[in-house]
């Protein structure tokens, strides 16, 4: 079989967003916000025939209804793709529904509490400064390639107990699964295979020589009957932690620096009032939420009064929910000290992101350390900012110049 | 000084976003899974009333009840 056999034809450009939306269209990738406004004005739930049939809730309320309704909406597929092959590689608990979900999730929660993150924080601060040391003297850098990408890669590698230098593999696999995999099944399967092989080797090593990292924690975990988890369960959860823990936070840090590069008022305020950082991080998470999830409709129902039929996928856009003016005043503006902020960047309901405390800590530390070392910076007009496509949105090229604009 | 507010975290609704603990660490605590509960009997000292409301208005799951006695 040739490499291209499973690649779907290119998607035709979208001309009717309301009835034919496509979250992989270049217009969406570049600037989705006006599109979401248009869809929201049309209906709380819109539909496209693309992706074998897919709905998108456009309001905070509709997103919430679906996230809370695990009876009609399954998490067994969490990426909207061109095809729906038989499910082989699960990643519990993100792909689990009740009742399997809760025990799988509870295994992962203790290593990710805020207190656990405090212990990891000094290493993340050091990682940020090691990265900045490499480019600060140049007076410029591609912040996505040199900084935002590496912070979560190295942090999660540190937690899992695998070499930080293996990060380039991780980034390649994640690109294959989350971006190429939407349209190219071979790219996805190849990435899953390589990733599974990589972790299987680490599991074998630890069977001989146990360690005290997160991989060993999962291997030592017992289910409610006192049995160890099957290797396949451990491998699935490790795949999840790597996939979910890297380009999400990479994107969140990147969007934050992108915003601060082009918004001197907010940047100067954060430099002068560092105590605002917790509110600022939440607001940047709301305004530039990186993660869109998916559900599969299992039974016919209604959402915000709109009928939805089984056999369709749902593009569960937490980013669009977080821009809903019915939920947030000045929803389309970044209010860097926003006080009331029930944003859904980490999801709503039982699938709340298990790594939310890790992501917040990494974002806070990465922005703080950047602002300490590089308080003045701006987008390089000679370069081009590019954004990732599909499930996770953030800058993949982020050319910056340091110092005050002349 | 004891105030008039009381807080309670609905254990069925809390999903462990930990926003309350971050905004009002004096009033909320987390268990080993990171899920929140109120400190003590949930009585809010008068000087922390603003923090109680702030935590309530930032909980994505609307899991925090604030009642006036």
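No lab work stands behind these numbers, since they all come straight from the coordinates. Model, not experiment: these values are computed from the prediction. Neighbour counts run over all protein chains shown; Cβ positions are idealised from the backbone, glycine included.
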Subject >> Over chain A, relative contact order from alpha-carbon pairs under 8 Å, at least 6 apart, % >> reply: 26 percent
Original post:
How high is the relative contact order of region A:109-209, given as a whole-number percent (alpha carbon pairs under 8 Å, six or more residues apart)?
Top reply: 16 percent
Original post:
Taking the highest mean first, how do the peptides A:88-94, A:53-59 order by number of other beta carbon atoms within 10 angstrom per residue?
Top reply: A:53-59, A:88-94
**OP:** Starting from the Cα gyration tensor of region A:201-331, take the square roots of the eigenvalues, sort them a ≥ b ≥ c, and report rounded, prolate or oblate (rounded when a/c is under 1.5, otherwise prolate if a/b is larger than b/c, else oblate).
**Re:** oblate
Subject >> Cα-based shape type of region A:32-105, given that a ≥ b ≥ c are square roots of the gyration tensor eigenvalues and the cut on a/c is 1.5 >> reply: oblate
**OP:** Arrange A:79, A:171, B:62 by Cβ neighbour counts within 10 Å, fewest through most, would you?
**Re:** B:62, A:171, A:79
Original post:
When averaged across all projection directions, what area in nm² does the alpha-carbon convex hull of the protein assembly as shown cover?
Top reply: 24.3 nm²
Original post:
When A:222, A:81 are ordered from fewest to most other Cβ atoms inside 10 Å of their Cβ, what list results?
Top reply: A:222, A:81
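With a ≥ b ≥ c taken as the square roots of the eigenvalues of the C-alpha gyration tensor of region A:312-351, please select rounded if a/c is under 1.5 and otherwise prolate if a/b is larger than b/c or oblate if it is not?
Values: a/c = 2.86, a/b = 1.76, b/c = 1.62.
It is prolate, given that a/c is not under 1.5 and a/b is the larger ratio.
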Original post:
Which whole-angstrom value gives the distance between the alpha carbon centres of region A:120-140 and region A:329-373?
Top reply: 21 Å
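When every alpha-carbon pair in chain B is counted, what percent end up more than 15 Å apart?
Values: 976 of 2346 pairs.
That fraction is 42 percent.
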Original post:
Tell me, what is the percent relative contact order of region B:2-68, built from C-alpha pairs under 8 Å that lie six or more residues apart?
Top reply: 47 percent
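Fewest first, what order do B:31, A:97, B:41 take by the number of other Cβ atoms within 10 Å? Before the final figure, lay out the partial values.
Values: B:31 14, A:97 18, B:41 8.
By the 10 Å Cβ count, ascending, the order reads B:41, B:31, A:97.
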